[in-house]
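The values are calculated or read from the model by the stated rules, or taken from the named source; none is laboratory data. Remember, it's a predicted structure, so these values are computed and weren't measured experimentally. Please note: Cβ atoms are built from the backbone with ideal geometry, for glycine as well, and neighbour counts cover all protein chains shown. Heavy atoms of the whole protein, side chains included, go into the accessibility calculation; ligands, DNA and RNA do not. Shrake-Rupley method; radii C 1.70, N 1.55, O 1.52, S 1.80 Å.
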Amino acid sequence: MVRIKVPATSANVGVGFDTLGLAVTFYGECEVELSDKLEITGCPVAFQTEDNLIYQSYKYVLDDLKRPVTPIKLQIDSDIPFARGLGSSAVCIVSGVLAANELHQLHLSQDELVKYCTQIEGHPDNVVPALLGGLSASYQMNDDIFFQHYPVDESYQFVAFVPDFTLETSVARGALPESYPLKTVVANQAKLLFLLDALKTGDAANLDKFLDDGIHQPYRKTLIDEYDIVENIAKESGAKGFYISGSGSTLMGVFTSQVDLKGLNISLSTLKHKWKALDLSVDYKGAEVCHRTI
């Protein structure tokens, strides 16, 4: 039996659209072992089937390597909400790929693990930090997947503002225009460079400006009810920056001082939707696998 622990992720980080991803201290865990039949517990009944993404990812690797697909007993323990911009699908995919690697002793390299996770997810920006931890930039060019890690100063704290409503990635992506003015693209490129430096050094003086994206956030924020109100609550509480986590609906505040989490949640309780503030930091370990004796 193996126990797998995978961090949630916050993709894009403002101006890093489809490129940056950040692993945070919010986890999905599962225990998995070989069995004589497929058995899934710990999740809604609708996901206790062969269509479960962890199982599908496990099966994908074995099918690709032409290995027999042995049934598994899978117990899921995760509070990461679905379709909220916290990389729930990446957590499932990484868990399934690692389960195949460990239970069948495939000895896949880091690059091979990244390749399989990306093939299943369709893009690397969430699966790379979920698998490897930290802040990373990733990009797929034909069959090659490039990824690079960047440091984040320990003074930064990330508060996730998680609402009670979902936002499907397909809907969020459908809200984007097909083309952009050259000026907007150049501005985003420049801000991305300065953002990475600000995160590295801990200098948050202009962090809000560097997070001010023009590619996706102006269009997606209109899909997130109470966006402006939550942003104001975060900044009045000391947030130095604010952005949409992934494609939403979760919003992320970046702080450099102690966060009054209780006060934030009291302020959020007055809103129409049920928002919850989660105090997070950067996860640098990435996915972890622990072997257990049955």
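Quick notes on this structure:
- The set of residues in the range 175-194 being open to solvent by less than 50 Å² (accessible area, probe 1.4 Å), in contact (Cβ under 8 Å) with a residue 12 or more places away in the chain and among the hydrophobic types (A, V, I, L, M, F, W, C) consists of Ala175, Leu176, Ala187, Leu192.
- Filter result (at pLDDT 95 or above and on the phi > 0 side of the Ramachandran plot) within the range 123-158: Gly133, Gly134
- Scanning the range 200-215 for residues that are farther than 16 Å from Leu22 by Cβ and open to solvent by less than 70 Å² (accessible area, probe 1.4 Å) yields Asn206, Asp208, Gly214, Ile215.
- Segments classed as strands (runs of 3 or more DSSP E), wholly inside the range 39-155, with at least 2 members that are over 26 Å from Leu193 (Cβ atoms): 39-41, 72-78
- The single condition among (1) in contact with a helix residue (DSSP H, G or I) (Cβ under 7 Å, 6 or more places away or on another chain); (2) open to solvent by 20 Å² or more (accessible area, probe 1.4 Å); (3) assigned to a strand (DSSP E or B) that Gly21 does not satisfy is (2).
- When each of Asp260, Asp228, Asp283, Asp197 is tested for being open to solvent by 70 Å² or more (accessible area, probe 1.4 Å), at pLDDT 95 or above and within 20 Å of Val24 (Cα to Cα), the lone residue that passes is Asp197.
- With respect to the stated conditions, Glu121 fails to be open to solvent by 10 Å² or more (accessible area, probe 1.4 Å), farther than 24 Å from Val15 by Cβ and either charged (D, E, K, R) or more than 17 Å from the chain's Cα centre (by Cα) (or both).
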